[in-house]
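Just below is one structure, and these are the notes that go with it.
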Amino acid sequence: MDDVLENLVQHKLVADYERTGTSSRYDFTVGLRRNPDYFAAIEVKGGEGNSINISERPLWAKEFAVWCHLDGAIVNQPSSGAHAIINRLTNELLRRRKVVDVLFFKDVLCGTPTRPCPKYPGREEQVGLEAAPDVFLLPRCTPTIDDPEPEVHSLDSLLLPSLVLELFGIPEKTRAEHVWEVHVRLVEAATGRLRRVVTVRHRGQDMDTSTSRAWRA
């Protein structure tokens with residue numbers, strides 16, 4: 001993550017960044033722009049995001065991102081890791097009302113002979129570490145009974161996702177290939193219990209849907 005942020009600064013895509021101290025429940029503060037100030041906070045996690053519930057969104061953050069990565073182990077499939085992390089993030093969204101705007105998911109093996117990447121036609125096995133992370137856009141606010149399925153962020157409503165994709169050389173016309181939408185719907189059962197239904201969409205198609213266990217409101 002340090003390398004990505006340093007390159008964002010060197011390419012003048014962001015103003016500056018700072019690694020936070022151990023007392024903070026996020027890892028980086030990023031000045032996306034100055035005059036007026038516009039800051040993002042980033043929390044860095046491993047490929048399964050087991051400690052996501054430890055992080056906290058600072059009050060000043062205009063954008064809050066989680067950056068997760070797979071360490072290169074062949075047994076760690078990207079789809080499984082992404083599913084587990086999204087499950088934890090959406091659970092935090094409903095149980096603790098912690099809004100995460102975007103998840104960046106980077107697989108070290110993506111774009112190699114071990115795990116060819118279809119998003120790079122002609123370079124599926126050669127792009128390697130230059131492969132852009134997958135961008136998962138999340139709901140703008142917490143679902144409620146009155147607003148059970150809030151609007152999901154877009155590349156136009158946030159600054160950081162497009163800046164990261166630009167850094168990795170993804171032109172605007174092909175950025176949709178790297179972007180996923182995480183839709184969260186709150187469902188109320190007749191017993192008064194609640195469930196969350198999470199649907200991940202890519203280019204308008206439903207790719208994965210899961211339903212949580214019911215809990216009391």
request  = Mind listing just one residue for me: the one in region 25-37 that is surrounded by fewer than 17 Cβ atoms within 10 Å (Cβ to Cβ) and more than 19 Å from L89 (Cβ to Cβ) and, of those, modelled with the lowest pLDDT?
outcome  = N35
key: Among (1) within 15 Å of the chain's Cα centre (by Cα); (2) in contact (Cβ under 8 Å) with a residue 24 or more places away in the chain, the one test that P148 misses   = (1)
ask   = Looking only at residues in region 177-216 that are among the polar types (S, T, N, Q) and in a loop (DSSP other than H, G, I, E, B), which one is nearest to W67 (Cα to Cα)?
value = S212
task = Report the residue count in region 153-169 for those that are within 24 Å of R196 (Cα to Cα) and surrounded by 17 or more Cβ atoms within 10 Å (Cβ to Cβ).
result = 1
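Would you check which residues across region 121-176 are among the charged types (D, E, K, R) and part of a helix (DSSP H, G or I) and list them? Before you say what the answer is, go through the steps one by one.
So in region 121-176, the residues among the charged types (D, E, K, R) come out as 123-125, 130, 134, 140, 146-147, 149, 151, 156, 166, 172-173, 175.
Answer for region 121-176, where residues must be among the charged types (D, E, K, R) and part of a helix (DSSP H, G or I): E130, E166, E172, K173, R175.
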remark   = Among the residues of region 81-124, the number that are farther than 19 Å from L138 by Cβ and out of contact with any helix residue (DSSP H, G or I) (no Cβ under 6 Å at 6 or more places or on another chain) is 14
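Take region 126-149 and flag every residue that is closer than 29 Å to R95 by Cα and crowded, with 19+ Cβ neighbours inside 10 Å.
Just the residues of region 126-149 that are closer than 29 Å to R95 by Cα, to begin with: 133-149.
Result: P133, D134, V135, F136, L137, L138, P139, P143.
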task = For region 183-217, enumerate the residues that are surrounded by 13 or more Cβ atoms within 10 Å (Cβ to Cβ) and over 22 Å from D101 (Cα atoms).
result = E188, R193, L194, A214
note = Quick count over region 62-87, residues being modelled with pLDDT of 80 or more and surrounded by 19 or more Cβ atoms within 10 Å (Cβ to Cβ), is 9
request  = Identify the residue in region 1-23 that is in contact with a Phe, Trp or Tyr (Cβ under 7 Å, 6 or more places away or on another chain) and outside any strand (DSSP E or B) and, among all such residues, is surrounded by the most Cβ atoms within 10 Å (Cβ to Cβ).
outcome  = L5
ask   = Here are some conditions: (1) of a type outside the set (D, E); (2) crowded, with 20+ Cβ neighbours inside 10 Å; (3) outside any loop (DSSP other than H, G, I, E, B); (4) modelled with pLDDT under 90. G49 meets all but one. Which one does it not meet?
value = (3)
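The values are calculated or read from the model by the stated rules, or taken from the named source; none is laboratory data. Just so you know, these numbers come straight off a predicted model, no measurement behind them. Glycine gets a Cβ as well: all are built from the backbone with ideal geometry, and neighbour counts include every protein chain shown.
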